[in-house]
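A.B. asks: Pasting a structure here, questions to come.
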Amino acid sequence: MEIVGAVVSMMQCFCGETCSRQSVSETCTYLRRPRALANRLNEKMELLKAREEDIKRKLHVENVWRGMEPKAEVNMWLINVRKITSSIASLQEELTIDKRCLNRCLPNYMSRFKQGKRINKKIKEVDRLLGQSIFPDASLVDMMPRRGKILPASSLVGESAKRSLETVWEYLNDEHSGIIGIYGMGGVGKTSILVEINNRILRESTIFDNVIWVTASNDSNVQKLQKDIARAIGLSFDDEDDEMTRAAQLLEALMRRSRFVLIIDDLWEAFPLEVIGIPYPYYGYDCKLIITTRSMIVCRGMESVREVEVSVLSEEEAWNLFKQKVGEEVLASPTLQAVAKDVSKECGGLPLAVVTVGRALRRENDLRQWKNALSQLKTATGRIEGMENRVFARLRFSYERLKDNVTRSCFLYCTLYPEDHHIETEELIKYWTWEGLLDNLGYGESKMLQGKMILDELKHACLLEIIGCQEDSLNEYVKMHDLIRDMAIAVTRESPLFMIRAGHEMRVPPVESEWLVGLERISLMRNDLNSLILEPRCPQLTTLLLQYNSLSKGIHPSFFNHLKSLKVLDLSYTGISGLPDSLSNLENLHALLLRSCWNLHHVPTMGRLKELRVLDLSSTSIECAPPGMEMLLNLKHLDLSHTTLHEFDIQILGTYRFLESLLTIGLWQPLMLGPDFVNVLKSCTILTTLEANFSNLQDFNYYVSSDHWNTLESFKFCVGYLQSSKLPGKNSVGFFGTHIVETEASSWLPGILELVIHECSGITHLPMFIMNASSDLKRCKIKYCDEMEWIITPEWGTFSNLELLEIEGLSRLQNICKGIPPTGILSNLKVLNVIACDNLMTLLPLELVQQLKNLEELELENCSMLEEIIVTEAENEEIIQENNGEVVLPSLQKLRLVSIPRLRSICRGPMICDSLTTIEVVDCPELKILPFFLEMRQQLAASLKQIKGSKSWWRALRRKHPTATSLLAPLLRPEREYSSAADEHSHSGSSGNSSFGPR
């Protein structure tokens, strides 16, 4: 039967072939040589796989280098190759099985026939795919739309950068913040923050479909910016397209994207969005614009809704980054590490500089190389690898982009000050004015205003740092970042040419060969030079700053012979005793500053200094006015304050037609400042600043009645004999040792900001003629007026703007206020100081305390009879009931009570002072209850930072306030145990001194 089956199988093969019209020879091939057919299929498959590998490799190259993706046709071919590869693998497994019949004596021809037929079919399919595998380059890949590009990013360093990043991210997800501006000085890390934002959007955000990154440049214009944005979104313009056509195409292409973020990095100039073709990110429209720039002005010009400033690194953050770049193993040596820390500090917290210097010194073990690098950084030579090209070049762009040469010159002037110097803005603007940099910007206050506008521009360009007012000063200051200053000094080595040796601790001046012919400005301020024994030839020199040097051995007689262009000469705070006669040759000199030259006795003739506008002789020892002063017809500012002049013709003042500022306070010749002086002042019609002292109240009243003060913008008047050079501030009046008769003061100056009454007689309270000044007065100091019994009377004004009240040495003072104070009195008072008022038993009535809502500091010292600070009379019961018996001082931050031996009570009821940060109680043995500790409030516990007092006082306090003292014990800073006698002795040595010097 098996033989019959084999014969039937062969007959089926031939019969089937006859029916399908397949050649007998091909059928025989299936039956006789199935292995040969399978080998042929394998050869074809190897070729197909090789072709597939070639195409994949080419696709990878196109994707990496050109961002191209395979077309759909190519993807389909790859899918078909994978399919046939899989099916042939299955077929090859079947071929391994040998199917036979007749007890495996004969082949199974039917099985062979079917396998051969399948193999032949696969060969044809492989041939077809091989034929399709010849793709032209143009049809292989295509640029496919993508959300954006992940950009290479470095990790952010410093808490400031991380805070800025999170702030930008918060604004980005705020639908009201359509345009976000990030600004800061070059190299501070703005781009790094923006790269992190770009990558975070692509990885985390589902709000935006596209992120478009464009890097602008310092020479960007409308056309270039349009093309940069177009290139980023795959849009091309025709060469003949004009600006509006490009804008229309760009607008249409961007709006099709709907939800996108457009990032423009390093923008130097603001452009209107509609001119570029950027859709305005209106509320509800899912598009955002983020820009980085070095100028806040650009942010505002781009109509940014949110602005984020990126600051430099802290000293610790900069050091950590520096160690990372240098390599910690290098810093194993303590000596080298100390130098390395100084090198890191010189980078000024600028990340770009820290990284650049750190890489340049990586794995450097030679201490000499480190010291050399430190020296180069200090002298701004830029020779450290990468500093000039990577750091200074980028910072210099900010300088070059300033709007005009005036602003650039004003900026470079700041380099004349020492490194890290706090530059007083008013002084700086005056230098600019005296140099002539602001000649076309108006006069007086107008120039000061223009100067402040330039400072604002420099601040907005991140070239200057505004640091505000310093302690005990109303003047504002600015500061240059170290590397900004280094960049600026590098500029001044080329054009304009400066010599800057400020604050170098020099004892020997630069040699004559260093005084180059082309020098325009020289600063040798704040050194230790004792002489200038040379004759420099600098015909273009306009500014020479020599202040804060000894110069005790003087200046060469012919030093100024060849400085014909000199405009500003500052010799202030030097020990020079006389100026050389060659000074008289400076015919173009605008400002001669000799302030506090304490040894100065001789100034040569000024007859040829006809261009002089500023002459400052204050606090010098000259006794006679310099000859030729009558020739200074262009003089605008004259300062004779605190000089020992015995001979000065005040009639000369009337010849100065352009005089704007006159300072004569403390002049040794006070008797001349009487009616004749007032009459001369009347002829000074353009005077805007006047500081003068008058011998007595009658002379002062005579001046006030002249109404000359109505033309003044700034004034400072002292009546009586001034005992110290320490004066009140701007727009102030001080009475010193004067007998004040109220009926003689019929008129008064409005607009007074500060009032001082020192050692005056004839008054028992503030005189009524001060009423007219009460609305503007901010500071009031009353000292050693032995007849004063009260400060405030019911008839007194409210003094609603008064911020400081200082009382000292009033031996008969009974109370701050006599009678019931009017509503609103002292409502803005912030500081109240009462010192050495020995007759005072109580200080503040409850009605007055209720109005001190803004009081921040209360200081009482050496008041031997004071028993209670806040007094509650019987008639005040209604007030007590209204406040539930509580005294509330919501703004009080500092309470200081020193040497008050009889003080038993601050107030009799509970007291709420939730803003207190400092409590100091010294030598007050009877004070054993603090009213704000009666009920310990959580707000007070959170606010308090320190408590000063003796341990014995704290132990006594503990018995009355166990809960509060237990809670606040960690804040105690124990003072030494004081004895009243010792303290009184100490105070007696100081109480005779006021802010105006010894009594």
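A.B. asks: What's the exposure ranking of GLU426, GLU307, GLU328, going from fewest to most Cβ atoms within 10 Å? If you can, show how the numbers build up before the last one.
C.D. replies: On the way: GLU426 12, GLU307 15, GLU328 9.
With the sparsest Cβ surroundings first, the list reads GLU328, GLU426, GLU307.
A.B. asks: If a/c stays under 1.5 just call it rounded; otherwise compare a/b with b/c (prolate if a/b is bigger, oblate if not). Do that for the range 601-728, with a ≥ b ≥ c from the square roots of the Cα gyration tensor eigenvalues. Please report the intermediate quantities before stating the final value.
C.D. replies: Details: a/c = 1.79, a/b = 1.26, b/c = 1.43.
Cα axes put the range 601-728 in the oblate bin.
A.B. asks: How would you classify the range 391-495 from its alpha-carbon gyration tensor, with a ≥ b ≥ c the square roots of the eigenvalues: rounded for a/c under 1.5, else prolate if a/b is greater than b/c, otherwise oblate? List each step's numbers first, then the result.
C.D. replies: Working: a/c = 1.82, a/b = 1.22, b/c = 1.49.
Because a/c hits 1.5 or more and a/b fails to exceed b/c, the range 391-495 counts as oblate.
A.B. asks: With a sphere of radius 12 Å drawn around the Cβ of SER596, what net charge do the other residues whose Cβ falls strictly inside it have (Lys, Arg +1; Asp, Glu -1)? Each step should come with its number before you reach the end.
C.D. replies: Details: positive: ARG595; negative: ASP570, ASP616, ASP639.
Here the charged neighbours net out to -2.
A.B. asks: So if I take the alpha carbon set of the range 837-971, get Rg, then get Rh from the Kirkwood formula, what is the Rg over Rh ratio? Each step should come with its number before you reach the end.
C.D. replies: Values: Rg = 14.2 Å, Rh = 15.1 Å.
With Rh from the inverse mean 1/r over Cα pairs, Rg/Rh is 0.94.
A.B. asks: Moving to a separate point now. Normalised by the residues of the range 391-495, what does the relative contact order come to in percent, with Cα pairs under 8 Å and at least six apart?
C.D. replies: Details: 102 pairs, mean separation 35.8, N = 105.
It comes to 34 percent, rounded to a whole number.
A.B. asks: What is the local net charge at LEU516, summed over the other residues whose Cβ is closer than 11 Å to its Cβ (Lys, Arg +1; Asp, Glu -1)? Don't skip to the answer; put the middle values down first.
C.D. replies: Numbers: positive: ARG493, ARG537; negative: GLU512, GLU514, GLU520.
So the environment of LEU516 carries a net charge of -1.
A.B. asks: Projected onto the charge dipole of the range 159-309 (+1 at Lys/Arg Cβ, -1 at Asp/Glu Cβ, origin at the Cα centre), which of LEU289, SER304, ILE207 gives the Cα projection farthest towards the positive end?
C.D. replies: The residue sitting most towards the positive pole is ILE207.
A.B. asks: In sequence order, what are the phi-derived ³J(HN,Hα) couplings for the range 890-895 according to the Karplus relation 6.51 cos²θ - 1.76 cosθ + 1.60 with θ = phi - 60°, rounded to whole Hz, with x for glycine and proline?
C.D. replies: The phi angles translate into x, 9, 4, 10, 10, 10 Hz.
A.B. asks: Same structure again: For the range 159-309, what is the Kirkwood hydrodynamic radius in Å, using each pair of distinct C-alpha atoms? Could the numbers behind the result be given before it?
C.D. replies: On the way: mean 1/r = 0.0647 Å⁻¹.
Evaluated over the range 159-309, this radius sits at 15.5 Å.
A.B. asks: Still on this structure, I have one more. Taking amide H positions as placed 1.01 Å from N in the peptide plane, with prolines and chain starts having none, which residues 5 or more places from LYS948, or on another chain, fall under 5 Å of its amide H?
C.D. replies: Residues meeting the criterion, in which the H sits 1.01 Å from N, are ILE919, GLU920, VAL921, ARG973.
A.B. asks: Skipping prolines and chain starts, which residues have an amide H placed within reach, meaning under 5 Å, of the one on GLU476, given they are 5 or more residues away or on another chain?
C.D. replies: THR425, GLU426
A.B. asks: Out of every Cα pair in the range 525-653, what percent are spaced more than 19 Å from each other?
C.D. replies: Numbers: 3644 of 8256 pairs.
Here the tail beyond 19 Å accounts for 44 percent of pairs.
A.B. asks: Tally Lys and Arg at +1 and Asp and Glu at -1 over the other residues with C-beta under 12 Å from the C-beta of GLU465: what net charge comes out?
C.D. replies: That sum, taken over residues with Cβ under 12 Å, equals -1.
A.B. asks: If you bin every alpha carbon distance in the range 277-381 into 5 Å steps from zero, what whole percent lands in each bin?
C.D. replies: 2, 11, 19, 16, 10, 7, 7, 8, 8, 6, 4, 2, 0
A.B. asks: Same structure, new question: Quick check for me: using +1 on Lys/Arg Cβ and -1 on Asp/Glu Cβ, what's the dipole size of the range 449-559 about its Cα centre, in debye to the nearest 20?
C.D. replies: Details: 11 positive and 15 negative charges, 56 e Å.
Its charge dipole is roughly 260 debye.
A.B. asks: Same structure, new question: Loop-only check: which trypsin sites (Lys or Arg not before Pro) in the range 281-367 are DSSP coil with at most 12 other Cβ within 10 angstrom?
C.D. replies: Numbers: sites: LYS288, ARG294, ARG300, ARG306, LYS323, LYS325, LYS341, LYS345, ARG359, ARG362, ARG363; in loops: ARG294, ARG362, ARG363.
Counting only loop positions with at most 12 other Cβ atoms within 10 Å, the trypsin sites (Lys or Arg not before Pro) in the range 281-367 are ARG362, ARG363.
A.B. asks: Let me ask something additional. What residues qualify as long-range amide H neighbours of SER761, i.e. H under 5 Å apart, gap of 5 or more or another chain, H built at 1.01 Å from N?
C.D. replies: Close amide H contacts, sequence-distant or interchain: THR738, HIS739, ILE740.
All of the numbers you see were taken from the coordinates with simple rules; none came from a lab. Note that the coordinates shown come from a computational prediction; the quantities given were computed from them, not determined experimentally. All Cβ positions, glycine included, derive from the backbone under ideal geometry; neighbour counts span all protein chains shown.
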